[in-house]
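**Student:** Take a look at this one; I'll ask things after.
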Amino acid sequence: MSESLDILSTRRALVLTESALIAGSAATYYWWRKQTRRSLPAKDVQIGAEGIRQPVEILRDRWGVPHIYAGNDKDLFFAQGYVHAQDRLFQMDVFRRIGQGRLSEIVGRSGLPADRVARYMGWKRAAQAQVAGSGIQVQEVMAAYCAG
């Protein structure tokens, strides 16, 4: 009799432990999902921006991939810059700092070797010269992208 009670109490303990693990896992999943979804760009929002001449529509499919519809090229590239900043602002900032030789400003001493290479190679000057040497149309598109 005592042995059967021990088996029953052990089974109950296992069932309770499994139930707690399942409930904890479910709670963690829903918490994680809520936290990660909070950082996604807002949907169904109308934003007014200076410099846009015609209506621009940015639709995201079920995977979050943006599809941009614009009436002209400048508005299209403005919207593309806007979407990139929504999705990849941190990456854009890090790449800008790498190209300018300013990575160590955010990562500390470990970024100094990369900064030295970028400054020695003159990546910032090379990029500025390339933009200056491009046509006015390219400069306008790049300005629209950066404004977005």
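**Student:** Starting from the range 96-123, keep only residues that are farther than 25 Å from HIS84 by Cα, then list their pairs with residues that are open to solvent by 50 Å² or more (accessible area, probe 1.4 Å) and aromatic (Phe, Trp, Tyr) whose Cβ atoms are within a distance under 9 Å, requiring at least 6 positions of separation or different chains.
**Tutor:** VAL117/TRP123
**Student:** Continuing with the same structure: How many residues are open to solvent by 50 Å² or more (accessible area, probe 1.4 Å), closer than 27 Å to GLN137 by Cα and outside any helix (DSSP H, G or I) if we restrict to the range 60-116?
**Tutor:** So the count comes out to 3.
**Student:** Let me ask another. In the range 52-103, what residues are more than 14 Å from the chain's Cα centre (by Cα) and of a type in the set (Lys, Arg)?
**Tutor:** Correct list: ARG53, ARG60, ARG62, LYS74, ARG96, ARG97, ARG102.
**Student:** Same structure again: In the range 55-77, what residues are among the acidic types (Asp, Glu) and touching a Phe, Trp or Tyr at 6+ places or on another chain (Cβ under 9 Å)?
**Tutor:** Answer for the range 55-77, where residues must be among the acidic types (Asp, Glu) and touching a Phe, Trp or Tyr at 6+ places or on another chain (Cβ under 9 Å): just GLU57.
The values are calculated or read from the model by the stated rules, or taken from the named source; none is laboratory data. Given the structure is predicted, the values throughout are model-derived calculations rather than measurements. In this analysis, Cβ positions are derived from the backbone assuming ideal geometry, glycine residues included, and neighbour counts consider all displayed protein chains. Quick note on the areas: whole protein, heavy atoms, side chains included, nothing else; ligands and nucleic acids left out. Shrake-Rupley method; radii C 1.70, N 1.55, O 1.52, S 1.80 Å.
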